[in-house]
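Here's the structure, in structure tokens; my notes come after.
Coordinate-derived values only; no laboratory data. In this text, all values refer to a predicted model and were calculated from it rather than measured experimentally. Cβ placement follows ideal geometry from the backbone for every residue including glycine, while neighbour counts extend to all protein chains displayed.
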Amino acid sequence: QVQVVESGGGLVQPGGSLRLSCVASGSIFSIVAMGWSRRAPGKQRELVATITNGGNTTYADSVKGRFTISRDSAKNTVYLQMNRLEPEDTAVYSCNAVVVVTPEDYGMDYWGKGTLVTVSS
């Protein structure tokens, strides 16, 4: 089994910063990619940022220039540094990891339960 756990959410004022962390653990042979998505109240889930095992990153247009995704491969951990936060960034942020459990696998997608980020004065 693979577990994915997020941390770092909380309340922050507009213009502030927050860093989210996500750790994948369990029966992991390798991690293909990890990413962050968010779901704001009354809205559909939005893919925020991804990073591959090769270090390639992608970002949603809404966060480009403000958010940075990074990883520590040795710790199976991915981070999301969020700067210049806006009220519109308020959402539950969830992490996913595409994990290969055995060398014969193609990889499966595992998700955490999410962490709430609230941007408000």
Q: Report the FRET efficiency, 1/(1 + (r/R0)^6), for Met108 and Ser73, where r is their Cβ-Cβ distance and R0 is 22 Å, rounded to 0.05.
A: 0.75
Q) Over the Cα atoms of the stretch 1-44, what is the Rg over Rh ratio if Rh follows Kirkwood? A) 1.06
(Q) What number do you get for the stretch 1-74 when its Cα radius of gyration is normalised by 2.2 N^0.38 Å, N = residues? (A) 1.20
**Q.** Dipole magnitude of the chain about its Cα centre (Cβ charges: Lys, Arg +1; Asp, Glu -1), debye to nearest 20
**A.** 280
Q. Applying 1/(1 + (r/R0)^6) with R0 = 35 Å to the Cβ-Cβ distance of Ser121 and Ser27, what FRET efficiency is obtained, to the nearest 0.05?
A. 0.20
Q: Give me the percent of Cα-Cα pairs in the stretch 38-121 that sit more than 23 Å apart, rounded to a whole number.
A: 26
Q | Rotationally averaged projected area of the stretch 51-91 (alpha carbon convex hull; nm²) | A | 3.3
